[in-house]
Each structure stands twice: as structure tokens, then as C-alpha cells.
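A short write-up of the structure that comes next.
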Ligand code: HEM
């Protein structure tokens, strides 16, 4: 039995079904195409009072970055120019309503550099940035991504059919990030199942952190335990356990669900367009633009929030201090002021940066790892599965979800 065979597929399915209870609070039951509503909103003004989901017609209470905060006023931004301006002004549009305290605050992905600002954010981010730069992608590919991808394909190769959304796309990022921490495969799903209960994840990580402090290896926890941070007063110190756990929780939460859903979106977009899939199979250089276009066309997380630190007149709307500003980056990514025929998935359009990975100082730290996972994953499917196609007799994939968008299931045949 290979290590990957230890993965419990039924458990994987329950943890990674957008329609399941696990993702209900982020709008997993939302099945309508939101883009027509977002176009209308952008056309009637770049900034609207309300949350993105309310303005899109969803009345349930949802939970995501910047939500629910019922006591604050909420505004949402839909144009490229206004989203760009918000990202470029982190002094006014801060990432958190409260100061961050890694050593005594509650453990969790939000009590991390994601919520910091200014110089503090720069100091913490600089510690991990070297492991995430483009030419470090090979380190990730050789150590963790390639092996995972091929073992997963080995698991279904003989069947002539597979469900790729969960059995492939979901498994790759969670196994990549957990194995980069030194967590064994059999515990990878315990970690995923414990999202929302950071104490449980910390108990899994604690012995690994202690072991790497004794004897570092070539992995991410070793990078964290050896990193030295310079405090504001100039003193240098190694990261405390609480700081290492904060980074680890952030990387786990930020890195696994997102890449899973974006890989599924990319794969579905290609499988639904057999001519485009054939072109990518023929000329593998087209895989990179196919991924960039999926990120523009349908970013898995369409919104991230900021908190106004003072009153501001912003693109025609007065935003009072304390308000939450929801940056609807998915709407910005289809702004006709920036892209022609913005609703079309067109891998040959001229490449321009999109906001799928955010913008400004908090732009996604893991974007090159995410791109590498998607590229190696889809590339290996094309290399190893001849005549890969959607199963015409199965329910066809659909894109669903409000704040976490992705494909329902991707049933394929090959051979
Ligand atoms: C396709 C997959 C991914 C997407 C669409 C994505 C998207 C994003 C976005 C939009 C942000 C900015 C959030 C904000 O502005 O508040 C972000 C931040 C972040 N992402 Fe990703 N992400 C992906 C994959 C990853 C991976 C694989 C990792 C790590 C291995 C990762 C780690 C992070 C971290 C640490 C931050 C916080 C950066 C900071 O605060 O300076 N992400 N991501």
C-alpha cells in the first residue's frame, strides 16, 4: 500500500465538498452565477453600501474575512480602479480591526501577519518570503508536489475513470503543505478536519516544532524555527513557539482550500472546452496562461475585506471610520475598463495582472507555490491520461459558492 492509499477518500469527500455543511457558512449553497449581478453593481457605481453577498441577493448570514461584524457599516467595491486604490492605501484600509499579538492573543489564522500592518507586517513577512519566491518553486515541486501528484494518479490510473475535484485537486495542496511541515499523510486529514479548532492543529505540530529546534531538516518548520526577527528596538530573537504556530496556521488555512478550488476551476474550464484542452496538451507552454486566465476569470475567493481607520471620501462614497470595506476582486477581474470580452475564458488574451492573489503589501505569499501545484498537477494529468475528457453520463461540473467558489465534482474518463 502506498502512503497515499492511507488517505480516506470518503473523509476527503466530506471535508472538501463545497455543498457540505463544512463550507455552508461561506455560502456553499449559492448556485447562481454571481457575475451578472456584479456587472450591474459595477455599472451603477464602483462603491455600494452593503456586503457583497447581500448586494448579490443572498440574505443568509455568512462568515468570511470581514464578516459578520453586525455593529459596523459595510461597503463593497466592484471596479478595478476602486479595488486597486483600496489595496494601495493600507494606512486607511487596514487588514484588521484590532492590533495583533502573536504571543498572547488567541491562536488562529487571523492572529497572524495577515492582520498586521506597516513595518510590523513587513518584518514578519520578510522572514518567510525567501521560501516562497519564484525560484524557490523548484524546492516545493521536488520535495513535495511532484511525488504527491504522481502517487495520486497511480491510485486511479487503472480505473479508466476518476473524480478529479476531490480525489486529485483537493488532495494535492493539503498534502503539499502538511508534508512541508513534516506531518505524516495519515494525519493530513486530521489537520484539515481541525480547521476552526487551532488548538488541535497545534497539538499535532508541537512535537514537530520541538524536534526541528533540536535538529533542523530541509522543510518549512525548520525554516520557521531558525528564522530570526528584529524587534522594533533592534533586538534580534528566534521565533517563539506561538509565533511559529501562528505562521503554520496561516499557511495551512491560506494554502490548502484555495489552491484546491482554483485547480478544479482551471481543470473544469479546460475540460468544458475540448479544443482549448487539446491546444494545451499540444503546446504545454499554454498551461501557464490557462492558469492565469482561470485566476482572472474565476478567482476562488472573490472577496477580501479591509477596515477603515478614518473617515474617507472614496470613489464618490463617504466611508466612515470603523466601516468594513469588501474588495470584490472577482468583479474587478472582469472590469471591461481593463479587459475586452471580460466574461470569456480566453487563454490567448494579452496577459495583465489580475487581483486573484490580492494586491498591495498582503498580496498572496504562496502564489508561486499555488501556480506550481496547479501546473504540475494538470501537466501530469495530461502526460499520463490519454484522451482525458468529462464523463458524458455523469452529472456535469458546475461552479458554485459565494465566498469560496469552486467546481461541484469533476467526473472524467480516460484511456
Ligand atoms: C490559487 C490559490 C490561492 C489563492 C487564490 C490565494 C489568494 C490569496 C489572497 C487574495 C490573499 C490576500 C488576502 C488579503 O488581501 O487580505 C492571500 C494571502 C495569503 N496567501 Fe494565498 N492564495 C492561494 C494560495 C496560497 C498558498 C498555496 C499559500 C501558502 C502555501 C498561501 C499563503 C498566503 C498567505 C500567507 C497570505 C497572507 C499574506 C500576507 O498577509 O502578507 N496562499 N492569498
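The values are calculated or read from the model by the stated rules, or taken from the named source; none is laboratory data. Just so it is clear, the structure is predicted and the values come from calculations on it, not from any experiment. So basically every Cβ, Gly included, is an ideal-geometry build from the backbone, and we count neighbours across all protein chains shown.
Just a few scattered comments:
- In the set (1) at pLDDT 90 or above; (2) surrounded by 15 or more Cβ atoms within 10 Å (Cβ to Cβ); (3) more than 26 Å from residue 408 (Cα to Cα), the condition left unmet by residue 198 is number (1).
- Taken over region 235-251, the criterion of being more than 7 Å from the ligand (Cβ to nearest atom) and at pLDDT 90 or above is satisfied by 238, 239, 240, 241, 242, 243, 244, 245, 246, 247, 248, 249.
- Positions within region 349-375 being more than 8 Å from the ligand (Cβ to nearest atom), within 27 Å of residue 128 (Cα to Cα) and surrounded by fewer than 21 Cβ atoms within 10 Å (Cβ to Cβ), in sequence order: 352, 353, 368, 375
- Hits in region 374-415 (condition: within 22 Å of the chain's Cα centre (by Cα) and assigned to a helix (DSSP H, G or I)): 374, 375, 376, 377, 378, 379, 380, 381
- Within region 280-327, the set of residues being surrounded by fewer than 16 Cβ atoms within 10 Å (Cβ to Cβ) and within 15 Å of the ligand (Cβ to nearest atom) comprises 288 only.
- Subset of region 328-341 [in a loop (DSSP other than H, G, I, E, B) and either at pLDDT below 95 or crowded, with 19+ Cβ neighbours inside 10 Å (or both)]: 333, 334, 335, 339
- Among the residues of region 283-321, those that are free of Cβ contacts under 8 Å to residues at least 12 places away in the same chain and not in a helix (DSSP H, G or I) comprise 283, 311, 313, 318.
- Residue in region 163-172 that is exposed (fewer than 13 other Cβ atoms within 10 Å of the Cβ) and closer than 22 Å to residue 262 by Cα present: no
- Taken over region 213-234, the residue count meeting the criterion of being surrounded by 22 or more Cβ atoms within 10 Å (Cβ to Cβ) and either in a loop (DSSP other than H, G, I, E, B) or more than 10 Å from the ligand (Cβ to nearest atom) (or both) is 2.
- Boolean, residue 55 is in contact with a helix residue (DSSP H, G or I) (Cβ under 7 Å, 6 or more places away or on another chain), part of a loop (DSSP other than H, G, I, E, B) and closer than 28 Å to residue 408 by Cα: no
- Region 86-109, residues that are within 10 Å of the ligand (Cβ to nearest atom) and assigned to a loop (DSSP other than H, G, I, E, B): 90, 95, 96, 109
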